[in-house]
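Let me begin by presenting the structure, written as structure tokens, before commenting on it.
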Amino acid sequence: MSIENGEWIMRGIPWRTKGCIHSAQELESVVEEKGFLPLFASDVRGFSAEEWTDPVYWWSDDEKRDPWLWREQIAGRGKVAYGKFFGGKAGFISLEWLPYFANYRRSGYDFDARWEDGLANRREKKIMDFFMTETESGDVLWKMDRILSTELKKEAGFGKEGDKNFPGIMTGLQMQTYLVIAGFRRRKNKKGQEYGMAVSEPLPPEAIWGRELVTRAYDEAPEASWQRIVNRVGELCPDATQEQILKLIGKRDA
């Protein structure tokens, strides 16, 4: 997706073209096959959901054909992870590759350990505190409580009279894989009627898939996990330059 002459231009292919993705299930399968996939196009050509879907149906509200709605369906099913993982922009990661992203992006730190070592800031802690609880023995448990991001903003003390840059902090936590988007839900008015656009429901990936899966690659050096990811993009997109790949995935010391 880019702006040309003041207009949004979607890169994509017609519905009847070979290789065009036709459903949320197909997109989910592509993610599992490739390992991870940005939602929107980047400098790495051909490596996004946008480029393999029909631009005619984006934001059409057609549940069967609109990729914007597919992302809601996919996030809610929990077969792959959805969130802002690629340069602060949305995309998908398979459960096979999620541990490598977690190891690389977290440098092997669970959030509570990152906080204790002074590597997390206060605003991040205020958000993550909503999802964490401690046992009597001091172990951290991740709560499955579903909350709209708009409600979390208030609960964590952000807003007009509170802390600032809630969207930026949330994006950072997703980039570090401490949060993913577990689903979408529309707000309700006093009569219980839904209104407006669907709002994201963030959760720690540990709350969805368990710590064992998410931290499975912690025994590997974060540099090694980063290299796996970079190599995978190179395999899938041999024409991509190192600069383009690193812009998408991030440098090791990012």
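The values are calculated or read from the model by the stated rules, or taken from the named source; none is laboratory data. Given the structure is predicted, the values throughout are model-derived calculations rather than measurements. Note that each Cβ is placed from the backbone with ideal geometry, even for glycine, and that neighbours are counted across all protein chains shown. Heavy atoms of the whole protein, side chains included, go into the accessibility calculation; ligands, DNA and RNA do not. Shrake-Rupley method; radii C 1.70, N 1.55, O 1.52, S 1.80 Å.
The heavy atoms of residue 100 offer some 50 square angstrom of accessible surface to a 1.4 angstrom probe. In this structure residue 112 has an accessible area near 50 Å², from a 1.4 Å probe over the protein heavy atoms. Rolling a 1.4 Å probe over the protein heavy atoms leaves residue 147 with an accessible area of roughly 10 Å².
In plain terms, the chain from residue 89 to residue 227 could stretch by 47.6 nm, reckoned as 0.36 nm per residue minus the Cα-Cα distance.
Taking all Cα pairs closer than 8 Å and separated by 6 or more residues, the relative contact order of region 1-70 comes to 32 percent.
The simple spin-label model puts a point 7 Å past each Cα toward its Cβ; for residue 219 and residue 191 those points are separated by 5.9 nm.
Can you give me the % of accessible surface on region 117-254 that is carbon or sulfur? Probe 1.4 Å, all protein chains present, nothing else counted.
Its accessible area is 47 percent carbon and sulfur atoms.
Cross-linked pairs 126/153; 64/191; 143/191; 79/188; 84/247; 84/153: Cα-Cα separations exceed 19 Å for 64/191; 143/191; 79/188. Entry comment: accessible area of region 1-119 is 48 Å² per residue, from protein heavy atoms only and a probe of 1.4 Å. Convex hull volume of the Cα atoms of the chain, normalised per residue: 158 Å³. Ranking of 232, 123, 114, 106 by solvent-accessible surface, largest first: 123, 232, 114, 106 (1.4 Å probe, protein heavy atoms only, all chains present). Each Cα pair under 8 Å and six or more residues apart adds its separation to the average, and for region 160-228 the resulting relative contact order is 23 percent.
Express the relative contact order of the chain as a whole percentage, based on alpha carbon pairs under 8 Å and six or more residues apart in sequence.
Across the chain, relative contact order equals 20 percent.
Taking other residues whose beta carbon is less than 13 angstrom from the beta carbon of residue 112, and scoring Lys, Arg as +1 and Asp, Glu as -1, yields -4.
Nonpolar atom fraction for region 26-73, defined as the carbon and sulfur part of the 1.4 Å probe accessible area, stands at 45 percent.
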